[in-house]
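First comes the structure, then the notes that go with it.
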Amino acid sequence: MARVSASKTATAARRSGSEEGPVPDREQLLAYYRSMLLIRRFEERAGQLYGMGLIGGFCHLYIGQEAIAVGMHAAQRAGDQVITGYREHGHMLAAGVSPRSVMAELTGRAAGVAKGKGGSMHMFDAERGFYGGHGIVGAQVSLGTGLALANRYRNDGKVAFVYFGDGAANQGQVYESFNMAELWRLPVVYVIENNQYAMGTSVERSSSETHLFRRGASFNIPGEEVDGMDVLAVREAGLRAAAHARSGKGPYLLEMKTYRYRGHSMSDPGKYRTREEIDEVRKTRDPIEHLQERLAREGAVDEAATRAMDAEIKEAVADAAEFARTAPEPDASELMTEIYVEAAV
Amino acid sequence: MTDILMPALSPTMEEGKLAKWLVKVGDKVRSGDVIAEIETDKATMEVEAADEGIVEAILAPEGAEGVKVNSVIARLQGGGAQPAATAPAEGAVQVAIAATAAASSPATPPPASLAAETPSGPTVRLSVRDSLRDAMAEEMRRDPSVFLMGEEVAQYQGAYKVSRGLLEEFGPARVIDTPITEHGFAGLGVGAAMAGLKPIVEFMTFNFAMQAIDQIINSAAKTHYMSGGQISCPIVFRGPNGAAARVAAQHSQDYAAWYAHVPGLKVVAPYDGADAKGLLKSAIRDPNPVVFLEHEMLYGHEFDVPASDEWLVPLGSARIHRQGADVTLVAYSRMVGVALAAADLLAAQGIEAEVIDLRTLRPLDHGTVVASVVKTHRLVTVEEGWGPMGVGAEVAARVVADAFDFLDAPPERVSQADTPLPYAANLEALALPTAESVVAAALKACYR
């Protein structure tokens, strides 16, 4: 995949090997597979619940992009922070948040991860360093750079992982943030999830420079293009980027080439692309099948084991859906709470 | 013969110190020669001659303080008849500089505050500018997670010199010069606050904060609620707000009503130095996002300020600046000075006005206003911003709701004219509330 370094902009070079991290063992590979499958099944069920009217408002599914959340999570350390936009269900699940509390947030229940006050686009888990879940395209890039500023201020060795899409990549504040991040050598990894379409507008129709990994070049931020449908390629690139940021060299930019199978949101008729285009990606680049084939090829897992895992995940998702359907809504008294932090000055 | 006049070196400058003469009587000067150095409360600046001639007399001696803008400081023999001195274009603000401030917006001298509301204990005479600086310095000494970021806050010592000396004391890690990138650095500040630091984000003026208003409202104000209480945002956004002098529409706007509209934000707009200091310290300690609206025209005004490091004014409490039984004047920020001046004029007509400084606009200390109207039966609100959907509208609506039976007249609102603020001196003066317009509104409320 192509990459651009601080000194050599627009240099394309093939990368192979993984000098930064040990090759993942069988258990790790299985864990990645399991995590991606959980996201896929969870999102499929979320789509169903939306159709049933149990989930309201906007709902953006992560189906097709699973390898990014899972592969990048594998490159993170405890204490690192994550922040992203509104397509965040998968990121929460990859970070280990329980399917029940994510699904219950989607249905607006008190047991939801944000007590039902945030919904699909605004989920947070402070304990896991998950800072949202932001509904304004591009805002998370400045906020995430601020998390990195705090890391730098405290010199605590943490890295902020900031995700955004190809659409957000055209927002001005992204570049304001790039400038300060490099200027102050902030420990931040920027991950562009380039799923080719900002709502209905393709990258080609929206971007004068379509190689988004080059977007940091004028700030001297190194960038590389990564196959975002390959969880191991994602993990490797993530480790490289994290090592760069953690060592005090400043920000690093990864462009993940990926694809979303579903519409931008549940209300997107998808007239801007063909069914054939989607089927082609599913058939040839699907991140889950890709890893499954590899596991089978290496004899890491037999069909029975895969089937057992599928069944277990199906069960977990069904449990989450049932929980989210039946759990109580927030108490009316919650309406006026948590507007301000109540603390004595 | 040509008079050299004391130049205005910033839009709000009213007087300055003649720090140094670089010419003496008998010297020949040409236009462009630096002839003197003048110290304002913001900076020391060089003055160039605009005409040729021989220095005939120096009328403001070296070291003279309080030299009024447009007073004659020297005289040249020969040359043209035009006023001579102009300032080099190095104003401390991003606006057109060297406006001749003398004609417009005569400063309202700060009337004496009501003794009952003034702090006990030893005080020092301080400008509002230095009161704000001291508040930040004390809080930064007290809490290592407090830091300041913004344009020109460090090496330049602050565009309005509010952060003077902070870089020297706290170093570049805690006093951070940002690029001109409001949207970006406001977002960084909010992110750092979410991570547990306590940033003070300075906007050179709140006019530029419109570039960042999405981060202030959508990110800072709403995240605590949206996260079900998991994430908080202890941040202060501060800087000058409202009309300066002759900087026209894009640099003259009062944002109090904009921010006070938003749940999740606290909004503060102090008038005098003691409040500026005590409220800013409280704002920095507050665990919520606080929009702290200062006023450029007040930066240079001096007040008695408590010397204590623990002088805190709680957010959400109004202050009665002057007691009176006949009409209640409600104001905030610089308009408190206008209301106090109006109260003096009304007193001369036998009307005793009670002047309330709201100090905090969200949460609003409604109780103090209602209690006053219950006593006076008449309400006049004064704000520098536009009237429609404004602070006065909110105060009046709440008074009507809670003290309807006590009102003897409909509430009166005094505000900026419903127009972008004009540049021309006469039009600008017409657009902004004055003591006279407040008096007129009060007389109307009193059926006089």
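The values are calculated or read from the model by the stated rules, or taken from the named source; none is laboratory data. In this text, all values refer to a predicted model and were calculated from it rather than measured experimentally. Every residue, glycine among them, receives a Cβ derived from its backbone with ideal geometry; neighbour counts consider all protein chains shown. Just so you know, the surface numbers come from the protein's heavy atoms only, side chains and all, with ligands and any DNA or RNA stripped out. Shrake-Rupley method; radii C 1.70, N 1.55, O 1.52, S 1.80 Å.
Pairing chains B and A buries close to 3500 square angstrom of accessible surface in total, based on protein heavy atoms and a 1.4 angstrom probe.
Rounded to whole Å, give me the distance from the Cα center of the stretch A:85-157 to that of the stretch B:370-448. First find each Cα centre; the distance between them is then 45 Å. Bridge orientation summary for the stretch A:189-345: considering DSSP beta bridges with both residues in this region, about 15 percent are antiparallel. Note that the stretch B:365-370 has calculated 3J(HN,Hα) couplings of 7, 5, x, 5, 5, 4 Hz, one per residue in order, obtained from phi through the Karplus relation 6.51 cos²θ - 1.76 cosθ + 1.60 (θ = phi - 60°); glycine and proline are x. Distant-in-sequence amide contacts of A:Gly165, defined by a placed amide H-H separation under 5 Å and a gap of 5 or more residues or a different chain, comprise A:Glu193.
With an a/c value of 1.5 or above and a/b larger than b/c for the gyration tensor axes a ≥ b ≥ c computed over the alpha-carbon atoms, the protein assembly as shown is described as prolate. Here the sum of -39500 (n - 2.57) over DSSP H runs of 4 or more residues, divided by the residues of chain A, equals -13000 deg cm²/dmol at 222 nm, to the nearest 500. The H on the amide N of B:Gly53, modeled in the peptide plane, is under 5 Å from the matching H of B:Val29, each at least 5 residues off or on a different chain. Each label point was placed 7 Å from the Cα along the Cα-to-Cβ direction; for B:Arg141 and B:Ser120 their separation is 2.5 nm. Just to verify a number: FRET efficiency for A:Asp319 and B:Leu430, C-beta to C-beta distance, R0 = 56 Å, to 0.05? So the FRET efficiency works out to roughly 0.20.
Kindly identify residues of the stretch A:159-183 having a loss of at least 40 Å² in accessible area between the isolated chain and the assembly of all protein chains, probe radius 1.4 Å. Buried by 40 Å² or more upon assembly, which counts only protein chains, are A:Gln173, A:Glu176, A:Met180. Residues whose amide H falls under 5 Å from that of A:Ala198, counting only those 5 or more places apart or on a different chain, are A:Val203, with hydrogens built in the peptide plane.
For B:Glu310 and B:Ala173, the FRET efficiency from 1/(1 + (r/R0)^6), where r spans their Cβ atoms and R0 equals 41 Å, is about 0.95. By the rule of a C-alpha distance below 15 Å, with chain neighbours fewer than 8 residues away ignored, the aspartates and glutamates paired with B:Lys20 are B:Asp33, B:Glu37, B:Glu39, B:Glu46, B:Glu48, B:Glu62, B:Glu65. Determine the shape class of chain B: with a ≥ b ≥ c the square roots of the Cα gyration tensor eigenvalues, call it rounded for a/c under 1.5, and otherwise prolate if a/b is greater than b/c, oblate otherwise. Oblate, because a/c is 1.5 or more while a/b does not exceed b/c. Extension gain for A:Thr210-A:Gln28 works out to 62.1 nm (0.36 nm per residue, less the C-alpha to C-alpha distance). In sequence order, the stretch A:172-180 has phi-based couplings of x, 5, 4, 7, 4, 6, 3, 4, 5 Hz under the Karplus curve 6.51 cos²θ - 1.76 cosθ + 1.60, θ = phi - 60°, and Gly or Pro positions carry x. Look at the alpha carbon pairs under 8 Å that are at least 6 residues apart: their mean separation over the length of the stretch B:299-448 gives a relative contact order of 25 percent. Comparing Cα centroids, the stretch B:1-72 and the stretch B:271-330 end up 36 angstrom apart. Take the cross-link list B:Lys28/B:Lys161; A:Lys115/B:Lys266; A:Lys249/B:Lys161; B:Lys24/B:Lys277 and give me the ones stretching past 32 Å between alpha-carbons. In this structure, B:Lys28/B:Lys161; A:Lys249/B:Lys161; B:Lys24/B:Lys277 lie more than 32 Å apart at Cα. Gain on full extension, evaluated as 0.36 nm per residue between A:Arg282 and A:Asn220 minus their Cα-Cα distance, stands at 18.8 nm. Within the stretch A:301-345, the residues that become at least 30 Å² less accessible when every protein chain is included than when their own chain is isolated (1.4 Å probe; DNA, RNA and ligands ignored) are A:Glu338, A:Ile339, A:Tyr340, A:Val341, A:Val345. Surface composition of the stretch A:6-334: carbon and sulfur atoms hold 48% of the protein heavy-atom accessible area at a 1.4 Å probe.
Accessible surface for chain B, divided over its residues, is 36 Å² per residue with a 1.4 Å probe. When shorter helices are ignored and each DSSP H run of at least 4 residues is given -39500 (n - 2.57), the per-residue value for chain B at 222 nm works out to -7500 deg cm²/dmol.
Whole-Hz Karplus values for the stretch B:372-377 come out as 5, 5, 4, 7, 8, 6 Hz, taken residue by residue from phi with 6.51 cos²θ - 1.76 cosθ + 1.60 and θ = phi - 60°; glycine and proline positions read x.
Largest first, the residues A:Lys283, A:Lys249 sort by 1.4 Å accessible area into A:Lys283, A:Lys249.
Looking at the stretch A:6-334, the accessible area is 40 square angstrom per residue; that uses a 1.4 Å probe and ignores ligands, DNA and RNA.
When all protein chains stay in place and ligands, DNA and RNA are ignored, the 1.4 Å accessible-area order of A:Glu176, A:Glu224, largest first, is A:Glu176, A:Glu224.
Under the simplified labelling scheme, the B:Phe406-A:Leu335 pair shows an inter-label distance of 2.8 nm, with each label point 7 Å from Cα along Cα→Cβ. Once the Cα atoms are used to define both axes, helix B:273-285 deviates from the longest principal axis of chain B by about 60 degrees. Per-residue accessible area (protein heavy atoms, 1.4 Å probe) orders B:Glu352, A:Glu334, A:Glu193 as B:Glu352, A:Glu334, A:Glu193, starting from the largest. For the stretch A:102-142, a reduction of at least 10 Å² in accessible area between the chain on its own and the assembled protein chains (probe 1.4 Å) is found at A:Val113, A:Ala114, A:Lys115, A:Lys117, A:His122, A:Phe124, A:Ala126, A:Tyr131, A:His134, A:Ile136, A:Ala139, A:Ser142.
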